[in-house]
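The values are calculated or read from the model by the stated rules, or taken from the named source; none is laboratory data. What you are looking at is a predicted structure, and each value in this text was computed from that prediction instead of being measured. Here the Cβ positions follow ideal geometry from the backbone for every residue, glycine too, while neighbour counts run over all protein chains shown.
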Amino acid sequence: MGTVEAHGLRKAFGDVQALDGVDLDVPDGSFFVVLGPSGAGKTTTLRAIAGLEKLDGGSVHLDGRDATDDTPAARDLAMVFQSYALYPRQTAYDNIASPLRARKASASDIAAAVEQVATLLHIERLLKRRPAQMSGGEMQRVALARALVRRPRAFLMDEPLTNLDLKLRVEMRTELTRIHRALGGTFLYVTNDQVEALSMADHVAVLKDGRVQQVGTPADVYERPANQWVAGFVGSPRISLLACRAEGDRLVGAQGWSLPRPRWTTAEDGRPLLLGLRAEDVSVERRGDVALAGEVYALEPLGDRTVVDVKVGSELVKVKARPHVTGTPGDRVSVTVDLDRAHIFDAGTGLALS
Ligand code: ATP
């Protein structure tokens, strides 16, 4: 078992409310990612669960048992940080073996456990080296091996890939998902990188200002964002949001456009709304009548695609286009909209309407 539940976690540092009632329900065996911008309270949440931060309120349950007042050691959780925190004078083998030595495991059990985890992480050839003789990515693997070898109740990971270069980060994302599948443990992972979250997680909690905004699968938070803020934080390029209101069977934009109102929109006439359009759900090639008139504002070639910013009145719509699309700022274009995939938010509360 390895369930982790946090209920109503509250923590203030002076006048900063770092955690403002955080609830998390991490199922056994899940790869659960807490995603949020810098300062959202991710590290504080993890430290509170690990028992390293004294809470002002709330409780932590591990495997269904109240562990709020347990010492960190009694919780049997392993933390992996963005800094590797290896012992510099020890070899990789000794670093990995240290938690087992502390538990007084026998030399043969230690050797077997280190060998097993070294094979899993493909670091057999590093075992005799000291940290100074390893690259950042290698040290990160050794740090991970040291956490994995203990077989704790759950792993808590605080942005462990942040210090790696882009290529290694991409590799380690795949590696971590593989390791998670192979080990079958509970991973609670915090990051501000939405690609990490969407690519590795089976559950994502989106955190802002010490409050959970939405919990769901990666597809839920991307395709069905609970509010305007989640829609804007998850997804690149950023979702375009256009001010509008419903009028009968039309959506009427503040910039003068008018589109058929999607069947599923429940808003009453006149209520201020925001139409959310992801860049892949709009197109600058005219395919139908459902279109907004605008002009090219800028083009951003990104190799596999070009993002075209189209100005509709004074608002911008980002459009994912083919890599070699041509255009010049000022060109008049029409933006075709896939309204079945559009999002509508209440402009006052920011909440999604469906
Ligand atoms: P990052 O992605 O930058 O690491 P985070 O989401 O992990 O951010 P936390 O480190 O949990 O955020 O911090 C949440 C808030 O609490 C921030 O405003 C931070 O400045 C504040 N904070 C965290 N630890 C302390 C501390 N020991 N003393 C004072 N303020 C703190």
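Here are some notes:
- Leu55 falls short on exactly one of the conditions (1) within 17 Å of Met157 (Cα to Cα); (2) of a type outside the set (Gly, Ala, Ser); (3) not in a strand (DSSP E or B), and that condition is (1).
- Of the residues making up segment 188-231, those that are within 18 Å of Thr162 (Cα to Cα) and in a helix (DSSP H, G or I) number 7.
- Inter-residue pairs, beta-carbon under 8 Å, first within 16 Å of Asp209 (Cβ to Cβ) and of a type in the set (Gly, Ala, Ser) and in segment 15-38, second within 10 Å of the ligand (Cβ to nearest atom) and in a strand (DSSP E or B), 6+ apart: Ala18/Lys11; Ala18/Ala12; Gly36/Val190; Gly36/Leu207; Gly36/Lys208
- Any hit, segment 160-175, residues being touching a strand residue (DSSP E or B) at 6+ places or on another chain (Cβ under 8 Å), within 15 Å of the ligand (Cβ to nearest atom) and at pLDDT 95 or above: no
- Subset tally (residues that are away from the ligand (no atom under 16 Å from the Cβ), buried (at least 16 other Cβ atoms within 10 Å of the Cβ) and in a loop (DSSP other than H, G, I, E, B)) for segment 1-42: 4
- Helices (runs of 4 or more DSSP H) contained entirely in segment 63-153, each with at least 3 residues that are touching a strand residue (DSSP E or B) at 6+ places or on another chain (Cβ under 8 Å), in contact (Cβ under 8 Å) with a residue 12 or more places away in the chain and not polar (S, T, N, Q): 136-148
This table checks each residue for (1) loosely packed, with under 12 Cβ neighbours inside 10 Å; (2) assigned to a strand (DSSP E or B).
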{"residue": "Gln255", "(1), (2)": "no, no"}
{"residue": "Glu268", "(1), (2)": "yes, no"}
{"residue": "Leu299", "(1), (2)": "no, yes"}
{"residue": "Lys318", "(1), (2)": "no, yes"}
{"residue": "Thr328", "(1), (2)": "yes, no"}
{"residue": "Ile344", "(1), (2)": "no, yes"}
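- Exactly one residue out of Arg211, Arg250, Arg238 is within 30 Å of the chain's Cα centre (by Cα), surrounded by fewer than 17 Cβ atoms within 10 Å (Cβ to Cβ), more than 16 Å from the ligand (Cβ to nearest atom) and among the basic types (Lys, Arg): that is Arg238.
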